[in-house]
Amino acid sequence: MFNPRYSITNKLLENIKRIAALVHNLNQRRFSKPVLVELQRSAEAVSTYASTSIEGNPLPLTDVKQILKNKPENIRDSEQEILNYNEILKEINKKLKKEKISLSLNLILYIQRKITNKLISDFQSGHLRNEPVFVNDPRLGKTIYWPPDHKDAPILMNELIEYININKKKVDPLLLSGIFHKQMVIIHPFMDGNGRTTRLVTKILLAGMGLNIFNLFSFENYYNKNVTKYFEMVGVKGNYYDIFQNIDFTSWLEYFTDGIIDELMRVECGLKKIFPK
């Protein structure tokens, strides 16, 4: 059974308090609908750009916005990746406006299938991996992490989902979102699309923090500012079976909540410029 190790440090506690205050302040503000629609479109473009850029997509934000606006038909893989991510992101944002989205393995598989549409083989899209994977550090030119065996991936994913669902009324949604994010990266359940899928599911879980203008929130942007730091914090090194019992989520949760604060402040500052009190 999955039982993550972490400590509620002073920094983590202060971050959670600050996030609650920022959410409260943002929820007190009222904005005109036409402007919010445009801001949401911009936020979705930033999220799409940031999350795909983290994985190595070379297209700059200006190109991403142009692709999303024109939706070209004859496209390269880098452009298909942009369209895929944006499509499922918009679908998630639309659904979150109406209802809560329940976490399940089928949901995760659906998101990965949408993300990898036309980019990988059908037997790898929408399915957990059925072969080993390795995580390499291109700077060092060697493997730094050996994820769990593919036969264990379904068990580990179901244990993670069960942990999140059992604790969603007991544990702060910020902590649950962060724990899910790191553990799914550790499990590495897919041959491709692990990072993008993880960040989108994390977004769904973060909806639990109650931000009324959640559709303007692009937490992926924080990670893209320093991708090396993000990979260092979210990843682990070594063989999963040698290290899994000693993995501590504390430092990641501190970093994760730092990113939520950074993004909430970006949203707040942006709105103040458009809607000064």
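Values quoted throughout were computed directly from the atomic coordinates according to the rules given, and no laboratory measurement underlies them. Please read these numbers as outputs of a predicted model, since none were measured by experiment. Counting neighbours? That spans all protein chains shown, and the Cβs are built from the backbone with ideal geometry, glycine included.
Sorting check: for 13-20, 30-37, which peptide has the highest mean count of neighbouring beta carbons within 10 Å, and how do the rest follow? Provide the component values of the computation, followed by the final result.
Numbers: 13-20: 15.4, 30-37: 10.6.
So the peptides 13-20, 30-37, ranked by packing, come out 13-20, 30-37.
Please sort 109-119, 73-83 by packing, taking for each peptide the average over its residues of neighbouring beta carbons within 10 angstrom, highest first.
Packing proxy ranking, top to bottom: 109-119, 73-83.
As a quick test, which of the pairs K182/K225; K97/K229; K90/K229; K65/K114; K97/K272; K65/K142 have an alpha carbon distance above 30 angstrom in this structure? Kindly include the intermediate steps, with their values, before the conclusion.
Numbers: K182/K225 18 Å; K97/K229 32 Å; K90/K229 28 Å; K65/K114 20 Å; K97/K272 23 Å; K65/K142 35 Å.
Too far apart for the 30 Å limit: K97/K229; K65/K142.
Going by Cα centres, the stretch 80-104 and the stretch 1-53 are how many Å apart?
16 Å
Count charges around Q112 for me, please; just the other residues with Cβ under 9 Å from its Cβ, Lys/Arg as +1, Asp/Glu as -1. Display every interim value, and only then the final one.
Working: positive: R113, K114, R196; negative: D192.
Counting the neighbours of Q112, the net charge comes to +2.
Calculate the dipole size of the stretch 10-274 relative to its Cα centre from +1 charges on Lys and Arg beta carbons and -1 charges on Asp and Glu beta carbons; express the result in debye to the nearest 20. Walk me through the intermediate numbers first.
Numbers: 37 positive and 30 negative charges, 243 e Å.
The dipole magnitude comes to about 1160 debye.
Per DSSP H run of at least 4 residues, take -39500 (n - 2.57); add these up for the chain, divide by its residues and hand me the 222 nm value, nearest 500 deg cm²/dmol. Kindly include the intermediate steps, with their values, before the conclusion.
Values: 12 runs with 170 residues, N = 277.
It comes out at -20000 deg cm²/dmol, rounded to the nearest 500.
Which whole-number percentage describes the relative contact order of the stretch 10-274, with Cα contacts under 8 Å and a sequence gap of 6 or more?
On the way: 292 pairs, mean separation 72.1, N = 265.
Relative contact order comes out at 27 percent.
About the Cα centre, and with charges only on the beta carbon of Lys, Arg (+1) and Asp, Glu (-1), how big is the dipole of the stretch 157-277? Nearest 20 debye, please.
Details: 14 positive and 13 negative charges, 109 e Å.
The dipole magnitude comes to about 520 debye.
To make sure I understand, if each residue's beta carbon is the centre and we count other beta carbons within 10 Å, what order do E38, E159 fall in, fewest to most? All intermediate terms of the calculation are to be shown ahead of the outcome.
Values: E38 11, E159 16.
With the fewest neighbours first, E38, E159 line up as E38, E159.
Sorting check: for 218-228, 43-53, which peptide has the highest mean count of neighbouring beta carbons within 10 Å, and how do the rest follow? Numbers along the way, then the final one.
Details: 218-228: 17.8, 43-53: 23.8.
Packing proxy ranking, top to bottom: 43-53, 218-228.
Using a cut-off of 13 Å between beta-carbons, work out the net charge of the residues near L12 (Lys and Arg +1, Asp and Glu -1, L12 not included). Walk me through the intermediate numbers first.
On the way: positive: K11, K17, R18; negative: E14, D172, D248, E254, D258.
Around L12, the surrounding residues sum to -2.
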